[in-house]
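In what follows, a single structure is set out as structure tokens and then discussed.
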Amino acid sequence: MDDFAGQTVVVTGGTRGIGRGIAEAFLACGAQVVATYTSNEEAANAFRDSLKQFEGKLHLRKFDVADHDACERFFQYVDDELGGCQVVVNNSGIRKDGLVGAMEPADWHRVLEVNLSGTFNMSKHAVRSMMRRRYGRIINITSPCGHHGFRGQANYAASKAGQIGFTRSLSKEVASRNITVNCVSPGFIDTELIADLPEDLVKQYKAQVPLGRFGTAQEVAACVLFLASKQASYITGSTLEVTGGL
């Protein structure tokens, strides 16, 4: 894998779950990492305290990726204080499950605002910065739910399918500036995002996975690092599935 020394990597939702695994992997490969979070100060502080060996290379920033102006201010900070970034991983995501017939409009809109509009907001300002330097890697964390759909997750599925279409379009817009845009699509990964699933549903989902288990954040991070590397320079507009064969 590439040595990411000298590169700055932004990971949204980077203090917990898959995002944390991704942030830790980039730090281990020498990158300077900016991990963003929305509200959970306790988890963010615990994350920072657990990685004291990377002091000076790990930066935390609190804001909501669904807020366009907050994203713009964030990239101004990245450009002014850190000299820009080479890699952006759009990992922030939420679930607010419910059957369509009973789903509150607020739950529909909030999931799309964070998962899909957040990807747009971050990518818009990232490419403006990357285009000036004629280099960049954007990796969007999507989900097989965007392709298969799952009962009770119409809002989540719509947001994840939207990320894939967005990725394909953006990849064509920025390819001439040496910027690649790809998706990583994790299946069932053992993180707090699925920790609230009922036990019987967990057993049902595991039975659907040919490898017979849930994946780990570290297994997802390895795929993100590859797509962010110079070795992946001819891959863009693609979706890499990390699903155990789902």
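The values are calculated or read from the model by the stated rules, or taken from the named source; none is laboratory data. All figures in this text were calculated on a predicted structure; none of them were measured in a lab. Positions of Cβ are backbone-derived with ideal geometry, glycine not excepted, and every protein chain shown enters the neighbour counts. Note: areas computed on protein heavy atoms with side chains; ligands, DNA, RNA excluded. Shrake-Rupley method; radii C 1.70, N 1.55, O 1.52, S 1.80 Å.
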### Query
Carbon and sulfur atoms: what percent of the 1.4 Å accessible area of region 1-149 do they account for?
47 percent
#### Entry: Anchor residue 124: aspartates and glutamates whose Cα lies under 19 Å away (excluding residues fewer than 8 positions away in-chain)
64, 67, 69, 72, 79, 80, 113, 173
### Net charge contributed by nearby residues that have their C-beta within less than 12 Å of residue 129 (K/R +1, D/E -1)
+3
### Query
How far is helix 68-82 tilted, in degrees, relative to the longest principal axis of the Cα atoms in the chain, given as a value from 0 to 90 rounded to the nearest 10?
40 degrees
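Stretch residue 219-residue 80 to full length: gain in nm at 0.36 nm per residue minus the Cα-Cα span? Don't skip to the end; give the middle numbers.
Details: separation 139, 0.36 × 139 = 50.04 nm, distance 3.31 nm.
Working it through step by step, the gained length comes to 46.7 nm.
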### Query
By how many nm would the segment from residue 150 to residue 178 lengthen if fully extended, with 0.36 nm per residue of separation less the alpha-carbon distance?
6.5 nm
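With an 8 Å Cα cut-off and a minimum separation of 6 or more residues, compute the relative contact order for the chain in percent.
Working: 487 pairs, mean separation 50.9, N = 246.
Rounded, it is 21 percent for the chain.
When DSSP assigns beta bridges and you keep just the ones with both residues in region 1-81, what percent turn out antiparallel, to the nearest 5?
Numbers: 0 of 9 bridges.
Antiparallel: roughly 0 percent of the beta bridges in region 1-81.
Treating only the Cβ atoms of Lys and Arg (+1) and Asp and Glu (-1) as charged, compute the dipole magnitude of region 1-77 about its Cα centre; round to the nearest 20 debye.
Details: 8 positive and 11 negative charges, 30 e Å.
That gives a dipole near 140 debye.
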### Query
Hey, what number do you get for the chain at 222 nm if only DSSP H runs of n ≥ 4 count, each worth -39500 (n - 2.57), divided across all residues, to the nearest 500?
-13500 deg cm²/dmol
### Query
Using alpha carbons only, how many degrees (0 to 90, rounded to 10) separate the axis of helix 17-28 from the longest principal axis of the chain?
30 degrees
## Note on the structure
Taking Cα atoms only, helix 217-228 is inclined relative to the longest principal axis of the chain by an angle, in degrees rounded to 10, of 40 degrees
### Summary
Computed over region 160-223, the distribution of all Cα-Cα distances in 10 Å bins, rounded to whole %, is 18, 35, 29, 15, 4
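Ignoring ligands, DNA and RNA, what percent of the accessible area of region 174-230 is carbon or sulfur (1.4 Å)? Mind showing how you got there, number by number?
Working: 1510 of 2780 Å².
Result for region 174-230: 54 percent of the exposed heavy-atom area is carbon or sulfur.
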### Message
Amide H of residue 84 versus every other amide H placed in the peptide plane: which residues, excluding those fewer than 5 positions away on the same chain, fall under 5 Å?
### Response
79
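Over all pairs of distinct alpha carbons, what does the Kirkwood formula give as the hydrodynamic radius of the chain, in Å? It would help to have the intermediate numbers written out before the result.
Working: mean 1/r = 0.0553 Å⁻¹.
Roughly 18.1 Å, rounded to one decimal.
Where does each of 69, 3, 64 land when they are ordered by accessible area, with a 1.4 Å probe and the largest first?
Ranking 69, 3, 64 by accessible area, largest first, yields 3, 69, 64.
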### Task
Work through the residues other than residue 165 whose Cβ is under 14 Å from its Cβ and net out their charges, Lys, Arg +1 and Asp, Glu -1.
+2
### Reduced Cα scattering model of region 1-129, Debye log10 I(q)/I(0), q = 0.10 Å⁻¹
-0.32
### Query
Which whole-number percent gives the relative contact order of region 169-239, counting Cα pairs below 8 Å spaced six or more residues apart?
51 percent
### Accessible area per residue in Å² at 1.4 Å probe, computed on the chain
46 Å²
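Using 1/(1 + (r/R0)^6) with R0 = 51 angstrom and r between the beta carbons of residue 169 and residue 195, what's the FRET efficiency to the nearest 0.05?
Values: r = 33 Å, r/R0 = 0.66.
The calculated FRET efficiency here is 0.95.
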### Task
Mind pulling the per residue volume of the convex hull built on the Cα atoms of region 101-217? Å³ is fine.
125 Å³
### Message
Can you tell me which of 106, 232, 126 moves the most in a GNM of the chain? Springs connect C-alpha atoms under 10 Å apart.
### Response
106
### Message
Among 111, 202, 34, which one shows the highest mean-square fluctuation when the chain is modelled as a Gaussian network with alpha-carbon springs under 10 Å?
### Response
202
